Amino acid sequence: MSITARVHHNVSEIDAADWDRLAGTGNPFTSHTFLTLLEESGSVGGRSGWSPLPLVIEDEAGVPAGALPAYLKTHSQGEYVFDHNWADAWQRAGGNYYPKLQISIPFTPATGPRLFTGGNPDLAVPLLRVAEQLCEQNNLSSAHATFIEPAQLPLFQEAGWLLRTDTQFHWDNQGYASFDEFLSVLSSDKRKNLRKERARAQDGVEIRQLTGAAILPEFWDAFWVFYQDTGARKWGRPYLTREAFSLLGERMADRIMLIMAFIDDQPVAGALNFIGSEVLYGRYWGAVVDKPFLHFELCYYQAIDAAIALGLKRVEAGAQGQHKLARGYAPVPTWSAHYITDPGFRRAIADFLERERRGVAQEQLWLGERPPFKKG
């Protein structure tokens, strides 16, 4: 089959039905709606350092048959897979690491498909060859696909990309009917600790799980304050603009679970989650009060409650965080894949990744020996 490759400058240039047909509908972050609202709100593009560059291949009839959610990056912020040392090494050797090609969902360390083929895996390698050619023809140092769903890893391996692994902490729903049933599988000390934390967090606080029309505009105003505070402390500046939250409320409210804490009917903290077909994705949190364990309650325990109620299989509560292990979240590997244009630099990165994988494997083994669950 002959194909035509096209480079677009916005996802909004691509028909929404075509994009969602290729990406699938199970992951809210890969949807045309989410990616275009990032563009429309100014969260990507402009001076953000994330310039949309989605790649599409078309069949003989001109119908889109595959796509990549790609961005031209001038820095390494908002990726959660850290390559700053690679950039420094390449710059010291006299090269220009930036710009680079990033195949990912901006600011979103959530696993998902990165090769949009509409269910046709034979198009995966051709898609990656397009990305490679784009790098080579435009003197880009590299291409990086991050937080790849495990089912797509063999496709990147087939294309010869270098694989990298890290660790996140996810909660798996084993068919629990309630939070108490989940607690029953934990060790006695962990069970008691969680109950104490929940009691202290909920004392004097009303917690609401809001979705759809229940997310009022004033709640987005409050959450923006929470988000700015957390963003300023963690990242230096928030990634999303205020308009992005308004557009989320207008266009994706049914796929959002906003968990908010109120004191005297005033919102004081909140956690933003996205609802997938099988997964609840925790994204942002913030607060204007300093209340013990409120972070754990809103981000971890309430997320478990919501996932059980919605019949979801898993909670992904964001990047890093060994403290999640004691709260019922288990370590799982996450994956990225990397194409390095310079052969010598590629060999150096491959050696680094081999050593890093051994270290990550040892860490995962150590974490796996410390589960919060009952033994036997």
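The values are calculated or read from the model by the stated rules, or taken from the named source; none is laboratory data. Predicted model only: the values in this text are computed from it and were never measured. Neighbour counts are summed over all protein chains in view; Cβ atoms, including those assigned to glycine, are modelled from backbone coordinates with ideal geometry. With ligands, DNA and RNA removed, areas are computed over all heavy atoms of the protein, side chains included. Shrake-Rupley method; radii C 1.70, N 1.55, O 1.52, S 1.80 Å.
Only one of the listed residues (267, 238) is surrounded by 13 or more Cβ atoms within 10 Å (Cβ to Cβ) and either modelled with pLDDT under 95 or under 30 Å from residue 340 (Cα atoms) (or both). That residue is 238. When residue 126 is tested against the conditions (1) under 23 Å from the mean Cα position of the chain (by Cα); (2) open to solvent by 10 Å² or more (accessible area, probe 1.4 Å), the lone failure is (1).
Residues are listed down the side, and each one gets a yes or a no for (1) more than 18 Å from residue 342 (Cβ to Cβ); (2) free of Cβ contacts under 8 Å to residues at least 40 places away in the same chain; (3) among the hydroxyl-bearing types (Ser, Thr, Tyr):
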position: 49; (1), (2), (3): yes, yes, no
position: 60; (1), (2), (3): yes, no, no
position: 66; (1), (2), (3): yes, no, no
position: 77; (1), (2), (3): yes, no, no
position: 80; (1), (2), (3): yes, no, yes
position: 87; (1), (2), (3): no, yes, no
position: 100; (1), (2), (3): no, no, no
position: 106; (1), (2), (3): yes, no, no
position: 120; (1), (2), (3): yes, no, no
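Among the candidates 96, 120, 173, the residue that is of a type in the set (S, T, N, Q) and touching a Lys or Arg at 6+ places or on another chain (Cβ under 8 Å) is uniquely 173. Of all residues in the range 302-333, those satisfying the criterion of being assigned to a strand (DSSP E or B) and either modelled with pLDDT of 95 or more or of a type in the set (Gly, Ala, Ser) (or both) are 314, 315, 316, 317, 318, 319, 330. Which of the residues spanning the range 34-69 are over 24 Å from residue 224 (Cβ atoms), open to solvent by 10 Å² or more (accessible area, probe 1.4 Å) and either in contact with a Phe, Trp or Tyr (Cβ under 7 Å, 6 or more places away or on another chain) or outside any loop (DSSP other than H, G, I, E, B) (or both)? Within the range 34-69, 51, 53, 58, 64, 65 meet the criteria. Among residues of the range 1-29 being surrounded by 16 or more Cβ atoms within 10 Å (Cβ to Cβ), in contact with an Asp or Glu (Cβ under 9 Å, 6 or more places away or on another chain) and of a type in the set (Gly, Ala, Ser), the one that is nearest to residue 104 (Cα to Cα) is 12.
Figure legend. Inter-residue proximity from the range 5-26: first residues of a type in the set (Ser, Thr, Tyr), second residues outside any loop (DSSP other than H, G, I, E, B), beta-carbon distance below 6 Å, spacing 6+ or different chains. Indicated pairs: 12/36; 12/39.
Of all residues in the range 89-98, those being in a loop (DSSP other than H, G, I, E, B), more than 22 Å from residue 133 (Cα to Cα) and in contact (Cβ under 8 Å) with a residue 24 or more places away in the chain number 1. Being among the charged types (D, E, K, R) and under 29 Å from residue 296 (Cβ atoms) is a condition met by no residue of the range 131-142. Contact annotation: residue pairs with Cβ atoms under 7 Å, 6 or more positions apart or on different chains, pairing a residue in the range 137-155 that is open to solvent by less than 30 Å² (accessible area, probe 1.4 Å) with a partner that is aromatic (Phe, Trp, Tyr) and in a helix (DSSP H, G or I), are 141/90; 145/156; 148/156. With respect to residue 213, determine if the residue is under 26 Å from residue 260 (Cα atoms), part of a loop (DSSP other than H, G, I, E, B) and open to solvent by 20 Å² or more (accessible area, probe 1.4 Å). Spelling it out, it is not the case that residue 213 is under 26 Å from residue 260 (Cα atoms), part of a loop (DSSP other than H, G, I, E, B) and open to solvent by 20 Å² or more (accessible area, probe 1.4 Å).
Suppose the filter is under 28 Å from the mean Cα position of the chain (by Cα) and part of a helix (DSSP H, G or I); does residue 191 pass it? In short, no.
Do we find that residue 316 is over 19 Å from the mean Cα position of the chain (by Cα), open to solvent by less than 10 Å² (accessible area, probe 1.4 Å) and not aliphatic (A, V, I, L, M) in this structure? It is false that residue 316 is over 19 Å from the mean Cα position of the chain (by Cα), open to solvent by less than 10 Å² (accessible area, probe 1.4 Å) and not aliphatic (A, V, I, L, M).
Within the range 343-351, the presence of at least one residue that is modelled with pLDDT of 95 or more, crowded, with 17+ Cβ neighbours inside 10 Å, outside any loop (DSSP other than H, G, I, E, B) and touching a Leu at 6+ places or on another chain (Cβ under 7 Å) is confirmed. Scanning for something open to solvent by 30 Å² or more (accessible area, probe 1.4 Å), under 23 Å from the mean Cα position of the chain (by Cα), small (Gly, Ala, Ser) and at pLDDT 95 or above, does the range 162-184 turn up at least one residue? No, that holds for no residue.
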